[in-house]
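Peer 1: Just passing along the structure, written as structure tokens.
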Amino acid sequence: MLNLPNALTLLRFALVPVIGLQLLRGNHGLACALFLVSAVSDWADGVIARHWNQRTRFGAVADPLADKLTMLTVTLLLAFQQALPWWFALAVVLRDAVIVAGALAFHLLIRPVEMSPSRLSKLNTALEFLLLVTLLAIRADYLPDGPWRSALLAATLGTIVLSGGHYIYTWGRKASAARQPPTPGDASA
């Protein structure tokens with residue numbers, strides 16, 4: 001069903017190659033502006049979907065995919081341009097791969113997954129966005145570079161590690177609970 005939140009999600013998918021192309025061409029100012037448009041449309045589609053009850057299954061799946069595709073594209077291209085350390089880009093990719101693999105394994109082996117980001121994951125996404133938009137703004141000469149960039153990188157890396165570990169712990173507990181035999185006298189048995 002095409003509604004406004006889903007249209008905004010599709011817009012974000014369409015922006016990914018445009019942002020990537022601008023980064024490859026060295027147009028960091030335009031890439032930064034388009035990245036901000038993507039972020040604002042992500043915020044807007046969520047607000048609209050919740051406020052006007054326009055949540056759909058498509059939106060629940062496509063929205064986080066559009067976010068991840070945008071963030072991964074910018075992360076990898078900034079690493080390619082040496083504006084971001086490769087080890088940081090690898091940490092981002094590994095965290096996302098662990099989350100996807102865990103959710104897929106849970107879905108295939110145990111039961112369908114109802115994905116919802118943890119608060120720690122939301123903090124991670126916010127810090128990743130802040131880091132990426134800051135790096136784009138520095139590359140476009142909109143912001144001066146400074147020691148705060150290293151602090152932002154370290155804080156973001158911390159949330160990558162903590163939120164990845166939190167997902168592993170949470171999925172492990174859910175899998176363990178799902179494999180436990182029902183207790184005698186349990187009404188759900």
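Coordinate-derived values only; no laboratory data. None of the values given here were measured: they were computed from a predicted structure. Glycine also receives a Cβ, built like all others from the backbone with ideal geometry; neighbour counts cover every protein chain displayed.
Peer 1: Taking 7 Å along the Cα-to-C-beta vector as the label spot, tell me the residue 130-residue 175 distance in nanometres, rounded to one decimal.
Peer 2: 3.3 nm
Peer 1: Where the centre of each part is set by its Cα atoms, how far does segment 92-153 sit from segment 28-43, in angstrom?
Peer 2: Rounded to whole Å, the Cα centres lie 16 Å apart.
Peer 1: Ok, one more. Between residue 47 and residue 82, take the C-beta separation as r, use R0 = 35 Å, and let me know the FRET efficiency to the nearest 0.05.
Peer 2: That pair, residue 47 with residue 82, gives E of 0.45.
Peer 1: For segment 48-122, count the residues as N, evaluate 2.2 N^0.38 Å, and divide the Cα radius of gyration by that value, please.
Peer 2: 1.33
Peer 1: A further question on this structure: Which residue, 133, 74, 47, has the most motion in a Gaussian network model of the chain that connects Cα atoms within less than 10 Å?
Peer 2: So, out of 133, 74, 47, the one fluctuating most is 47.
Peer 1: How far is it, in nm, from the label point at residue 118 to the one at residue 105 when both lie 7 Å from their Cα along the line to the Cβ?
Peer 2: Going by the 7 Å Cα→Cβ label model, 1.6 nm.
Peer 1: Listing 51, 28 from the residue with the fewest other Cβ atoms within 10 Å to the one with the most, what is the order?
Peer 2: 51, 28
Peer 1: Here's something else I'd like to know. Using a Gaussian network model of the chain whose springs link C-alpha atoms within less than 10 Å, name the residue from 178, 49, 103 with the highest mean-square fluctuation.
Peer 2: 178
Peer 1: Using a 10 angstrom cutoff on alpha carbons, build the Gaussian network for the chain and name the most mobile of 23, 157, 109.
Peer 2: Comparing 23, 157, 109 in the GNM, the peak value goes to 109.
Peer 1: Further question on the same structure: Of all the stretches in the chain, which is the longest one without any exposed loop site, taking chymotrypsin sites (Phe, Trp or Tyr not before Pro) in a DSSP loop (any state but H, G, I, E, B) with at most 16 other Cβ atoms within 10 Å? Write down the numbers at each step before the final one.
Peer 2: On the way: sites that count: 52, 142.
In the chain, the maximal stretch lacking such sites is 53-141.
Peer 1: May I ask for the Rg/Rh ratio of segment 4-179, computed from Cα atoms with Rh as the Kirkwood radius, given to two decimals?
Peer 2: That ratio is 0.99, to two decimals.
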